[in-house]
Amino acid sequence: MIAFIVTSILCFIIYLLLTTGSGTLGLWSLEEILLGIILSLITGFVTRKVFIKKDYRMLNPVRWFTFLIYIIGPFFIGMAKSNIDVAYRVITGKINPGIVKICPDLKTDLGITLLANSITLTPGTLSVDIDEEKNNLYIHWINVNEKKLKGETVETKYICGNFEKWIRRITE
Amino acid sequence: MLGLIVDVIIYIFLIIGVFFNFLAGFGLLRFPDVYTRLHAGTKCTTFGSIFITGSVIILGLKMWYLGSADGSVLAIHTAGALIAILLTNPTGAHAIARAAHRSGVKPVAAIVDGLDEMNKKTIKKPNEKKEVKK
């Protein structure tokens, strides 16, 4: 039941965002709002088992707020640094690549997905593959620092700074 | 006066975005193999697209502020496109890199290749006789 309500409300909000400027009732016309309620109820009933799977942890608004701060603050700064770094390497051509392994201590699927996407968008790193049993990530690193390498494993902080702590705060 | 300042900000955002998208194309020609090219192709296009879509969002907000309801449509739909780019771009890069490694493309001039040893243990690869161009 909670899943049905949450899915319907999310669908209704997205419908409202996509139909702004259609009338005089605020930003919307009455017909658009009525049609939106009917359509989002139908969609919520059909997809209630697909969208949420027995895990209501992400419904907490504090987590959403933390996620927003993470996107605007450390993530955006990391992305800007990454782009200046890649621009430097494109112009000079100095590369020193290799594939290394990191062992982040995250348990949920959502956390691993967020971390892998964050790593791909930050300085000189690209996530290639995942070991699904132990949640280890394999990272292509464009400028390998051989002093920090232990065999083929690197500590997480050299790859992505303090992203792991932020993501643990968001998802666990 | 306000309109002029906003216009200057929009032009600066457009210039930054076009510069990074140009660097992405240049990096595709310059780097030696799939993985390093993906670095250029994903990061620079994401960052450049953020600035280009950001300039469109600012234009939409300016039109909205000046009293046209079409501005809200422009700003919100472009924000949706930005979210889609941020989600799909790293996912696509990850899929291409994984597929390339599974089909036997070795990273050129790699110092370590941790993934290669894992694949030998778990997966039997098809015949590897393709040579990687250097």
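The values are calculated or read from the model by the stated rules, or taken from the named source; none is laboratory data. Only a predicted model underlies this, so the values are computations on that prediction, with no experimental measurement involved. For neighbour counting, all protein chains shown are included, and Cβ atoms are generated from backbone atoms with ideal geometry for every residue, glycine included.
General remarks:
- Scanning segment A:143-152 for residues that are modelled with pLDDT of 75 or more and farther than 22 Å from B:T46 by Cβ turns up at least one hit.
- Taking the numbered list (1) in a helix (DSSP H, G or I); (2) away from chain A (no Cβ under 11 Å) in turn, B:G67 passes all entries but (1).
- Top-ranked residue of segment A:137-172 - restricted to ones that are more than 22 Å from B:V34 (Cβ to Cβ) and polar (S, T, N, Q), ranked as farthest from the other protein chains (Cβ to nearest Cβ): A:N162
- Subset of segment B:87-109 [facing another protein chain (nearest Cβ under 8 Å) and either of a type in the set (A, V, I, L, M) or in contact with a His (Cβ under 6 Å, 6 or more places away or on another chain) (or both)]: B:L87, B:A93, B:A97, B:V108, B:A109
- Which listed residue, of B:I10, B:I15, B:I57, is in a helix (DSSP H, G or I), free of Cβ contacts under 8 Å to residues at least 12 places away in the same chain, among the aliphatic types (A, V, I, L, M) and more than 10 Å from chain A (Cβ to nearest Cβ): B:I15
- Among residues that are closer than 16 Å to A:K157 by Cα and either part of a helix (DSSP H, G or I) or not assigned by TED's automatic domain parsing to the domain that holds A:L68 (or both), A:S82 is included.
- Residues within segment B:37-54 that are more than 8 Å from the chain's Cα centre (by Cα) and in contact (Cβ under 8 Å) with a residue 40 or more places away in the chain, tallied: 2
- Checking each residue in segment A:99-148 for being assigned to a helix (DSSP H, G or I), closer than 22 Å to A:W166 by Cα and touching a Phe, Trp or Tyr at 6+ places or on another chain (Cβ under 6 Å) picks out only A:S118.
- Check on B:Y65, of a type in the set (F, W, Y) and within 30 Å of B:G104 (Cβ to Cβ): no
- Filter result (more than 8 Å from every other protein chain (Cβ to nearest Cβ), touching a strand residue (DSSP E or B) at 6+ places or on another chain (Cβ under 9 Å) and more than 24 Å from B:A24 (Cβ to Cβ)) within segment A:116-136: A:I130, A:N136
- Consider segment A:89-114 and keep the residues that are within 18 Å of the chain's Cα centre (by Cα) and within 11 Å of another protein chain (Cβ to nearest Cβ). The one that is surrounded by the fewest Cβ atoms within 10 Å (Cβ to Cβ) is A:T113.
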